[in-house]
Amino acid sequence: MKIIKVLLILLCMNAAAQDNYNLVIGTYTNACASKGIYVYDFNVNTLAFKEKNSTDGVINPSYVTVNKSNSVVYSVNEDGEKSNVSSFKYTPSTGKLQQMNKRDAEGADPCYIINDDKNVIVANYTGGSIAVFGKKNDGSLTDAKQVVKHTGSSINTSRQEKAHVHMVYFSPDKKYVFVNDLGVDKIFIYNYASDGGEQTLTLKETVDVKPGSGPRHLVFHPNGLFVYLVNELSGTVDVFSYMKEKMVLIQELTLNAKDCNDFNGAAHISFSNDSKYLYVTNRGDANNVTVYKVHANGMMNQVQQISTMGEGPRQFVIDPTDNYLLMANQNANTIVIFKRDKTTGLLSDTGKRIDICSPVCLVFTPNK
């Protein structure tokens, strides 16, 4: 009997442990009193949360990415011409982040960052460039092994006066890196060779989007057959088929309500974990999130548009259970927790908030 009780206790403890994840939060530090990167303990059943740890004195780590082994966090440090990229040793059990090193971003205002086993790749917005950094054995950064500079402009003279690289994104098969350039209205597709040194990225082709659109973020459908692009300036979502490594536009949708001429600031786009629904944020005058149902042919229809309950919605994340969507409202200094209906995809406000200075990027990781 005692053995059974012990086993039951251990099983319950293990089950409880699976309810808790770390929520890693990237912020801006120049707008209010932020320490940089925060790690929160978050329970996906009770929605209980508490701060576990944070950095201190790290400048504008707005976007972050975590390595596959959950042991290193990489961040941009958005600071104009003095911008850097940083690596941190990450201890999930305590949430401790210990900076290992930082490197010049090789371009002003890095705004997106990704990593794989070999490299860390950064999109420099104001610099209009892509920088590739290698990884040392401990996960810290080498000097930049390659810098790719974009040139050009488009029709919006105030926002598209030059190249503005806004996202770097691995294709599902890791053969390519997709790069959105808001300034020149193009998606650049680069061949990716992880051990390629100065030729890690080589241009394969470019895909034009409608002039003045301002491509910002994209996401692949988990089946790899469709690509979904949100355009910041036009407030539109483009749907592409991706057959035989060729992108073909099959649908264009607007985030604006009918007869609405609000100022757009479309931001982030991401699937639910079950890939049935797509969520897109719009800042500007709208400050809302649009929910689309995705069909087998890749096309979508809108099922909801709801306020983000705050200003400046940037990135959001859906929790590992697919039950909740956490929205980083940068200008409202809060993360809003929405309940998500798995059947309909619809969102409803739980009333729960994480109050934190200027949140931008949210990443769930295991807590051990």
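Here are some notes:
- Cross-link pairs beyond the 25 Å C-alpha cut-off, checked among LYS136/LYS368; LYS96/LYS175; LYS145/LYS210: LYS96/LYS175; LYS145/LYS210
- Rg(Cα) / (2.2 N^0.38 Å) computed for the stretch 199-316, rounded to two decimals: 1.06
- Estimated 222 nm signal from helices in the chain, with DSSP H stretches of n ≥ 4 weighted -39500 (n - 2.57), rounded to 500: -1500 deg cm²/dmol
- In plain terms, the residue of ASP56, ASP41 with the fewest other Cβ atoms within 10 Å comes first and the most crowded comes last, giving ASP56, ASP41.
- What the phi angles of the stretch 351-368 give under the Karplus curve with 6.51, -1.76 and 1.60, with θ = phi - 60°, is a coupling list of x, 8, 9, 9, 7, 7, 5, 6, x, 10, 10, 10, 9, 7, 9, x, 9, 7 Hz, glycine and proline written as x.
- Estimated from the Cβ-Cβ distance and a Förster radius of 30 angstrom, the FRET efficiency linking LYS244 and ASP341 is about 0.25.
- Packing here is the average count of other Cβ atoms within 10 Å per residue, and on that basis the peptides 112-123, 170-181, highest first, run 112-123, 170-181.
- Over the chain, relative contact order from alpha-carbon pairs under 8 Å, at least 6 apart, %: 11 percent
- Working note: Karplus 6.51/-1.76/1.60 with θ = phi - 60° gives the stretch 273-281 the couplings 5, 8, 6, 8, 9, 10, 10, 9, 9 Hz, where Gly and Pro are set to x.
- The Rg/Rh ratio of the stretch 131-200, with Rg taken over Cα atoms and Rh as the Kirkwood radius over Cα pairs, comes to 1.05.
- The Rg/Rh ratio of the stretch 45-120, with both radii computed over alpha carbons and Rh defined as the Kirkwood radius, is 1.01.
- Potential lengthening between ASP41 and ASP56 on full extension [0.36 nm per residue; Cα-Cα distance subtracted]: 3.6 nm
- Expected-Rg normalisation [2.2 N^0.38 Å, Cα atoms] applied to the chain: 0.98
- Peptide packing for 315-322, 201-208 was compared via the average number of neighbouring C-beta atoms within 10 Å per residue; ordered from the highest value, the list is 315-322, 201-208.
- Electrostatic tally near VAL148: other residues with Cβ closer than 14 Å to its Cβ, Lys and Arg +1, Asp and Glu -1, net +1.
Computed from the coordinates by the stated procedures, all read-outs in this text should not be read as laboratory data. Note that the structure is a prediction, hence the values are computed from the model and not measured. A quick note on method: Cβ atoms are made from the backbone with ideal geometry, for glycine too, and the neighbour counts reach across all protein chains shown.
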